[in-house]
1. Sequence neighbours fewer than 8 away in the same chain don't count; with that in mind, list the aspartates and glutamates whose C-alpha is under 16 Å from K252.
2. Once the principal axes of the Cα atoms of segment 48-110 are found, what is the range along each, listed largest first in whole angstroms?
3. Mind listing the phi-derived Karplus ³J(HN,Hα) values for segment 88-99, rounded to whole Hz, using 6.51, -1.76 and 1.60 with θ = phi - 60°, and x for any glycine or proline?
4. Would you list D78, D181 from the most to the least accessible area, probe 1.4 Å?
5. Once the principal axes of the Cα atoms of segment 84-169 are found, what is the range along each, listed largest first in whole angstroms?
6. Lys and Arg at +1, Asp and Glu at -1: add these up for the other residues within a Cβ distance under 14 Å of D201 and post the number.
7. Using modelled backbone amide H atoms (1.01 Å from N, in-plane), which distant-in-sequence or interchain residues come within less than 5 Å of Y183's amide H?
8. Once a ≥ b ≥ c are taken as the square roots of the eigenvalues of the Cα gyration tensor of segment 85-239, is the result rounded (a/c under 1.5), prolate (a/b larger than b/c) or oblate (a/b not larger than b/c)?
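The values are calculated or read from the model by the stated rules, or taken from the named source; none is laboratory data. None of these values were measured; they are calculated from a predicted model. Heads up, the Cβs are rebuilt from the backbone with ideal geometry, glycines too, and the neighbour counts pull from every protein chain shown. For accessibility, only protein heavy atoms count, side chains too; no ligands or nucleic acids. Shrake-Rupley method; radii C 1.70, N 1.55, O 1.52, S 1.80 Å.
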Amino acid sequence: MKRLNNLSFASRAMCTGIVILTMLATACKSGIKYAVYQYDNAYEIETYTDLNDGSTLTIDNRTNSGPRLNISLFRLTDIDGGIAKVSDGTLTFTATDAAGQPIRGRITFDGDTAHLTFTESSWEYLPNGTTYSFVRGAKVDYQPANPIGGRTYIGLGKGGGLATNVTIKFDKNGRCQCTSDFYQAFIQPITVDGTYSIRYDIVEVRCQPAGFDAPIIWNFEIMDDGQGLGFNNSDSSEEGSIGTDWLQLKVKYSLSRLLYLL
């Protein structure tokens, strides 16, 4: 009888072990991870930083409806991800990109590292599958160089057969001032506040003069380590000068700076 009881105990232990192994196997198969996001408004605001360029991901847990996301991508754009959805430890969000179109993504977690993937995007600077990795509480001790910040550029160009003169003054924080007649839309040059973003060696300038239904967007190539900006999108198949579309700018130096360079 005693032996029978021992066998019964052994059988129960074996069954328990099989159940535990089955549960672990099911968890691995379904992709369940131990490092998952737990929504808890006691944490308030969490900040994650990309160690490569200082881009940031901020998760605000103070709302009662779920975590609010803000994504700041260096030299590119800021995205208000709104209230994210939490499912199986993963955050998913829908936001609006810089072109005014919907953009979607997901965020997974591995310890103190958050992995962001843009899953649906029509914006050329953030194609589907673009990824960023952010580390919670990390500090970036350097600021990547901005070759045009603090400089003023001056030059001329032609678009649709209309000549124009342009002066652009860039600050170091993504804002600029554009002074131009904007392809002869104005008798005298006017100054318009605008914004700019840099992606690799391309700077996108946006400025919208009064009365224009949409902003003027110029995409310049940064040349000679920031000494010049330019583009040439002319279409030779167009008749006459209608297909012309080019603009070339050079750094504008003060007299004292010119004398120093000489």
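1. Cα-Cα hits under 16 Å: D171, D224, D225.
2. 31, 28, 20
3. So the J values, rounded to whole Hz, are 6, x, 10, 9, 10, 8, 10, 9, 10, 7, 5, 8.
4. On the way: D78 105, D181 30 Å².
Ranking D78, D181 by accessible area, largest first, yields D78, D181.
5. Principal-axis extents of segment 84-169 (Cα, largest first): 58, 34, 17 Å.
6. On the way: positive: R75, R199; negative: E204, E221, D224, D225.
Neighbourhood net charge equals -2.
7. Hits under the 5 Å cutoff: N165.
8. Values: a/c = 2.48, a/b = 1.88, b/c = 1.32.
The shape class here is prolate.
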